[in-house]
Amino acid sequence: MNKGLSLWFAASSIIILAVAAIAITYSGWIALLLTLIGICNIGWGFVIKAKQRRASLKSSN
């Protein structure tokens, strides 16, 4: 995964989880939803990284 895409996933996950931490004081449900979105965002970053790694291994063979 290139550095720009890695930075995007890291920064967006931090922002989503920080907003979830702030949302705890307003609504637990919103905080829970934002937490799940943040975790899915982190997981999607790993999925994209694995797909790109597989594609690069395929093309080098």
Query raised in the report: Given the conditions (1) touching a Lys or Arg at 6+ places or on another chain (Cβ under 6 Å); (2) part of a helix (DSSP H, G or I), and given that Met1 satisfies all but one, which numbered condition is not satisfied?
Result: (2)
Query raised in the report: Filter the range 13-48 for residues that are of a type outside the set (A, V, I, L, M) and touching a helix residue (DSSP H, G or I) at 6+ places or on another chain (Cβ under 8 Å); which is surrounded by the fewest Cβ atoms within 10 Å (Cβ to Cβ)?
Result: Trp44
Requested in this report: For the range 21-37, state whether one or more residues are of a type in the set (Gly, Ala, Ser) and in contact (Cβ under 8 Å) with a residue 24 or more places away in the chain.
Outcome: no
Report task. Can you give me the number of residues within the range 1-37 that are of a type outside the set (Gly, Ala, Ser) and touching a Leu at 6+ places or on another chain (Cβ under 8 Å)? Result -> 5
Report summary line: The condition from (1) surrounded by 12 or more Cβ atoms within 10 Å (Cβ to Cβ); (2) in a helix (DSSP H, G or I); (3) not aromatic (Phe, Trp, Tyr) that Leu57 misses is numbered (1)
Query raised in the report: For the range 4-25, what are the residues that are assigned to a helix (DSSP H, G or I) and more than 24 Å from Gln52 (Cα to Cα)?
Result: Ile15, Ile16, Leu17, Ala18, Val19, Ala20, Ala21, Ile22, Ala23
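Quick note: the coordinates plus some simple rules give every number you see, no bench work behind them. Fair warning: this is a prediction, and the values are worked out from it, not measured in the lab. Neighbour counts run over all protein chains shown; Cβ positions are idealised from the backbone, glycine included.
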